[in-house]
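Enquirer: Once you've had a glance at the structure underneath, I'll fire off some questions.
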Amino acid sequence: MLLRQASLHESRGDYEAAIAGYDRAIEVEPQNWQLYLLRGSARFKAGRIEASIEDFDQVVALDASQDPYLWQRGISYYYAGRFEDCRGQFERHRLVNPNDVENAVWHLLCVAVEDGLEAAQEAMLPVGPDARRPMKEIDALFRGDGSVEEVEAAVAAESPGARFYADLYLGLYYELIGEMERAAAAIERAASLPNRGYMVEVARIHRDLTP
């Protein structure tokens, strides 16, 4: 019952109520790592970045085998400014999810902050076939082998979900190359998608944290 109520609050975007529900569930089952994962995710969506990392750390403390799966912690590290930790998390995530273009892009973003875009492109993680549109074009764009136009063409007749990923990652790309107005417009489009998926909330967090 506690989890069902907390999940309902989370699906409605009432993250503080969801967190309170997960708090009560953790009081009942303090050794259940899955509860910390759920609360960490809700804390991130609420903009409580450091608190989300504490929960993700507790997941690993309770079950070390979960460490490479915690891509959510990698994103929290990015927004907490812990770029070396961010880089390491996505390097480990690749071991269990080698085809994910998003993983390689977030790794690049972490590296680029400290080492610059060119060095980050040289260090960008390899990926296998990611069937989601327009991930192939996004991968090529960040590696320096593609173009914005190719990403746009890949989603011209695609679903709102494909359009969302184009907007999110084009926004992050525009930031990397210093085109801040185009970045803000793309991120705003991504953040306006009317659902509560994790990456949509990433877009909202990014929008809210960007000066």
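The values are calculated or read from the model by the stated rules, or taken from the named source; none is laboratory data. The model shown is predicted, which means the values in this text are computed figures rather than measured ones. Note that we place each Cβ from the backbone using ideal geometry, even for glycine, and neighbour counts take in every protein chain shown. With ligands, DNA and RNA removed, areas are computed over all heavy atoms of the protein, side chains included. Shrake-Rupley method; radii C 1.70, N 1.55, O 1.52, S 1.80 Å.
Enquirer: Under 7 Å between Cβ atoms, which residue pairs at least 6 apart in sequence (or on different chains) link something in the range 9-22 that is under 19 Å from residue 194 (Cα atoms) and free of Cβ contacts under 8 Å to residues at least 24 places away in the same chain with a partner that is small (Gly, Ala, Ser) and surrounded by 14 or more Cβ atoms within 10 Å (Cβ to Cβ)?
Expert: Here the result reads 9/17; 9/18; 9/21, each pair linking the range 9-22 to a residue that is small (Gly, Ala, Ser) and surrounded by 14 or more Cβ atoms within 10 Å (Cβ to Cβ).
Enquirer: Let me ask something else about it. How many of the residues making up the range 140-152 are surrounded by 13 or more Cβ atoms within 10 Å (Cβ to Cβ) and assigned to a helix (DSSP H, G or I)?
Expert: Count: 8.
Enquirer: Would you check which residues across the range 159-192 are buried (at least 19 other Cβ atoms within 10 Å of the Cβ) and either outside any helix (DSSP H, G or I) or among the aromatic types (Phe, Trp, Tyr) (or both) and list them?
Expert: 164, 165, 169, 173, 174, listed by residue number.
Enquirer: Something else: Give the range 82-131 a look and list any residue that's of a type in the set (Gly, Ala, Ser) and without any contact (Cβ under 8 Å) to a residue 24 or more places away in the chain, or say none.
Expert: Let us first name the residues in the range 82-131 that are of a type in the set (Gly, Ala, Ser), namely 88, 104, 112, 116, 119-120, 123, 128, 131.
Passing the criteria: 88, 116, 119, 120, 123, 131.
Enquirer: Between 58, 89, 72, which is among the polar types (S, T, N, Q), touching a helix residue (DSSP H, G or I) at 6+ places or on another chain (Cβ under 8 Å) and buried (at least 23 other Cβ atoms within 10 Å of the Cβ)? Steps first, please.
Expert: Values: 58 fails: buried (at least 23 other Cβ atoms within 10 Å of the Cβ); 72 fails: buried (at least 23 other Cβ atoms within 10 Å of the Cβ).
None of the other options fit; the residue is 89.
Enquirer: Residue 137 is checked against (1) open to solvent by less than 60 Å² (accessible area, probe 1.4 Å); (2) without any contact (Cβ under 8 Å) to a residue 24 or more places away in the chain; (3) under 19 Å from the mean Cα position of the chain (by Cα); (4) under 20 Å from residue 75 (Cα atoms) and fails just one. What number does that condition carry?
Expert: The failed condition is (4).
Enquirer: Among the residues in the range 99-117, are any open to solvent by less than 40 Å² (accessible area, probe 1.4 Å), assigned to a loop (DSSP other than H, G, I, E, B) and within 29 Å of residue 158 (Cβ to Cβ)? Step through it out loud before you land on a result.
Expert: Residues of the range 99-117 open to solvent by less than 40 Å² (accessible area, probe 1.4 Å): 100-112, 116.
Now narrow it down to the ones that are assigned to a loop (DSSP other than H, G, I, E, B): 100, 116.
Adding the requirement that they be within 29 Å of residue 158 (Cβ to Cβ) leaves 100.
There is at least one residue in the range 99-117 that is open to solvent by less than 40 Å² (accessible area, probe 1.4 Å), assigned to a loop (DSSP other than H, G, I, E, B) and within 29 Å of residue 158 (Cβ to Cβ).
Enquirer: Right, residue 21: closer than 20 Å to residue 206 by Cα and either at pLDDT 95 or above or surrounded by 19 or more Cβ atoms within 10 Å (Cβ to Cβ) (or both) or not?
Expert: On the way: closer than 20 Å to residue 206 by Cα: no; either at pLDDT 95 or above or surrounded by 19 or more Cβ atoms within 10 Å (Cβ to Cβ) (or both): yes.
Criteria not met by residue 21.
Enquirer: Checking residue 130 against (1) of a type in the set (Asp, Glu); (2) under 18 Å from the mean Cα position of the chain (by Cα); (3) part of a helix (DSSP H, G or I), which single condition isn't satisfied?
Expert: For residue 130, the failing item is (3).
Enquirer: Sort through 203, 186 and tell me the only one that's over 20 Å from residue 49 (Cβ atoms) and of a type in the set (Gly, Ala, Ser). Don't jump to the end; show me each part of the working.
Expert: On the way: 203 fails: over 20 Å from residue 49 (Cβ atoms).
Selected residue: 186, the only one of 203, 186 that is over 20 Å from residue 49 (Cβ atoms) and of a type in the set (Gly, Ala, Ser).
Enquirer: Looking at the range 43-54, is at least one residue surrounded by 15 or more Cβ atoms within 10 Å (Cβ to Cβ), over 15 Å from the mean Cα position of the chain (by Cα) and of a type in the set (A, V, I, L, M, F, W, C)?
Expert: yes
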